[in-house]
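Everything below concerns the one structure shown next.
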Amino acid sequence: MSKPVCVITGVGPGNGASFAKRFADEGYAVAMLARSGDRLAELEKQIPGSKGYPTDVSRPDAVRETFAAVRSDLGPVSVLLHNAGSGAFHEFENVSAEEFEANWRVNALALLACGQEAAKDMLAAGGGSIIVTGATASLRGGAMTAAFAPGKAAQRSLAQSMAKSLGPKGIHVALVIVDGVIDIPRTRELLKDKPDDFFLDPDEIADTVVHLVRQDRSAWTFEVDLRPYGEKW
């Protein structure tokens, strides 16, 4: 019997790598999507059962080609983790149209494209899970999130629409709002003065995502937020 297939977008150090490791450990064949082929090649060596697919998920044509390759290589998709994100942080008057569009394309349009492709397989199978990595910016705009917040708000609204449409058909759609700084080497270097409990552990985020995928449909979660205890909210 072939393994169930989990597709993860935006795989890099942090959440993406932790998701890939955890779902591989759970017995999934893991398709890792990211722009950097070199990074994916390194993760393939570290994670048995994973395969990298260099992809720009902001391009729907590239998404369609990649999902076709995943189906051919691994089989139909059972779980989609839309972890890809894009952020530009400026005040309103300094945001370019190109930055604004790039944020929307990766956070919202890519969810539409990837979600539609994954849902084809899940609808045929009678079930599946689509989990989206969101952000607190989806709930409110800040002075420095004039480009980022609208993209994340569109993502959250789209995820709600997906949940209401796909839920009755057996597909669990959930949004994980991540509020805080992810614990990776780059952020540790930038924030050397911060204590350990300032950071969000990506392995713990992965635990929550696995729980969401395992939930019984009688008590599905749509939205959960994760933050260190000291994060202001």
Could you tell me whether the chain comes out rounded, prolate or oblate from its Cα gyration tensor? Rule is a ≥ b ≥ c as square roots of the eigenvalues, rounded for a/c under 1.5, then prolate if a/b exceeds b/c, otherwise oblate.
rounded
Cut-off is 10 Å between beta-carbons; in what order do 66, 187 appear when sorted fewest neighbours first?
187, 66
Can you tell me, using C-alpha contacts under 8 Å and at least 6 residues apart, the relative contact order of the chain as a whole percent?
19 percent
By Cβ neighbour count within 10 Å, fewest first, 123, 109 rank 123, 109
The summed charge of the residue 206 Cβ neighbourhood (under 11 Å; Lys/Arg +1, Asp/Glu -1) stands at -4
Residue among 8, 62, 83 farthest towards the positive dipole end of the range 5-225, charges placed on Cβ:
62
Tell me the mean residue ellipticity at 222 nm calculated for the chain from its helices only (DSSP H runs of n ≥ 4, each -39500 (n - 2.57), averaged over every residue, nearest 500).
-13000 deg cm²/dmol
I want to check a number: in the chain, how many lysine pairs have alpha carbons closer than 22 Å, given a sequence separation of 8 or more or different chains?
13
Of the trypsin sites (Lys or Arg not before Pro) in the range 124-233, those whose Cβ has at most 15 other Cβ within 10 Å and which sit in DSSP loop:
140, 192, 232
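Here, each number is a calculation from the coordinates, and none is a lab measurement. Given the structure is predicted, the values throughout are model-derived calculations rather than measurements. Don't worry about glycine lacking a Cβ; one is built from the backbone with ideal geometry, like all the others, and counts go over all protein chains shown.
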